[in-house]
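What follows draws every value from the coordinates through simple rules; no lab data is involved. All values reported here derive from a predicted model rather than from experimental measurement. FYI the Cβ positions are ideal-geometry reconstructions off the backbone, even for glycines, and counts take in every protein chain you see.
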Amino acid sequence: MSDISPTLSTHQTRPVAGHPVYWRVEGSLLELSALRQVGFFTWNAQSFAERWRRRAGMSLMTLLRPAAYLAGRTLATRLLYTLLRGVTRDRLDLLGEEYFEYFLKPRLRKKAVEALQHAQSKGQQIVLIGQSLDHVLRPLARHLGVECFVANRMEFRDGVATGRLLLPVVRPRGPFAWIASGDVDGRVREAALLSQLGFEELAQLAAATQPTRRSFAVNAPAVVPFETAPRVDRLSVRRTLAGKHILLIGVTGFIGKVWMVDLLEQIPDIAKITLLIRRNRTTTAQRRFEKIVEESPTLDGLQRQYDTKLGDFLRKRIEVVEGDVSQPGLGLEESVRLRLSRSLDLVVNSAGLTDFNPDLRDAISSNVESAEHLLNFIRASEKRQEF
């Protein structure tokens, strides 16, 4: 049995309002190759070892697929998707979106899309049918404005694919289906569709139909009110941060840049923003910040707003200090550390190593020890009660 997340229902049978009109994706809108999709998923595995293990399995599956296809199209489909065993649901969702956006969307046949939209304009309740996984067909249905679709679905346990397909399995079309390919009208009669898919009754189609829009069930958080807890009737970010001194760490990364620019644009009354920037071998912290101002598109809005006066504006609001969050005391000079410990009101840290496969020592230094050094710095601050 596959598990269903308590906060996200990934599949539910949805009755289609009115009489459904089934539209086969393959042969009309575009040619969907399950082999290519699984190849894309395996090629983009997260780790190096997993990537090559799945690629080896993909090569073997390519050799065995003709024989498996002759033994049965349903069997061949089941065998193909065993290669995705161990891939998380979130990963398949992400790769499915990418595959549609970069590979399928540019290849959609314009006339077939127009024919589908014309059918929708007449009130026909279109249900897309495809041999792809729902992770790929859902973005396609959403793009076309189709409310329901039928696709293959993986079984998941604790959010990880088991490599098995849930029933019913949507098998590929027959070996001579390419003769009919290119017809812009993908509508298929129910009897013919049941024969194509190897289904015995319409109830199987209804069981496989799923909504394009995911349904979210928001769980109420377990909150225990205490009489001594502070009550906040209204929280204004601008009012709260007005006149505050903020330390930003990780400003050379994308998130840090966005944070800095948002503070400068949205909080006009902020007192000062101190940037902790590490010195490179040949580049000072101040010069690294200047390069951000010169090259980063995140500051384009400020450039347009202040034009030639941007430099004066930044000098009033920004202070750059040379340090390293991976070092004790944040690598600051003693005088700078003492001064900041007396004046800082808030610390925002977005520094970290985000590589998928980093050296373990680098990962511990950047993501574990750095956080510890920052906590020690805050504990030693004279205004720590306000952090």
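Spin-label model, R189/L167: points 7 Å from Cα along the beta carbon direction are separated by 2.8 nm. The local environment of E369, defined by Cβ-Cβ distances under 12 Å, has a net charge of -2 under the rule Lys, Arg +1 and Asp, Glu -1. Here L60 and A363 are evaluated by their C-beta separation; at R0 = 30 Å the FRET efficiency comes out at 0.35.
The packing ranking of peptides 165-171, 357-363, 189-195, highest mean first, is 165-171, 189-195, 357-363, where packing means the average number of other beta carbon atoms within 10 angstrom of each residue. For the chain, please report how many Lys pairs fall under 24 Å Cα to Cα, leaving out neighbours fewer than 8 apart on the same chain. The number of close lysine pairs in the chain is 18. Two decimals is fine: what's Rg over Rh for the range 238-386, C-alpha atoms, Kirkwood radius as Rh? Rounded to two decimals, Rg over Rh is 0.96.
Among I267, I364, a tally of other beta-carbon atoms within 10 Å of each Cβ gives an order, fewest to most, of I364, I267. Placing R0 at 41 angstrom, the Cβ-Cβ distance between D269 and A371 gives a FRET efficiency of 0.85 after rounding to 0.05. Using a simple spin-label model with pseudo-atoms 7 Å out from Cα toward Cβ, K122 and F356 lie 4.6 nm apart. Taking amide H as placed 1.01 Å from N in the peptide plane, the amide H of C148 sits under 5 Å from that of L128, T212, each at least 5 places away or on another chain. Principal-axis analysis of the Cα atoms of the chain puts helix 134-144 at an angle of about 90° to the longest axis. With 10 Å bins beginning at zero, the pair-distance distribution over Cα atoms of the chain amounts to 4, 17, 20, 16, 17, 15, 8, 1, 0 %. Relative contact order of the range 8-216, taken over Cα pairs closer than 8 Å and 6 or more residues apart, is 35 percent.
The length gained on full extension between H19 and Q286, counted as 0.36 nm times the residue separation minus their Cα-Cα distance, comes to 89.4 nm.
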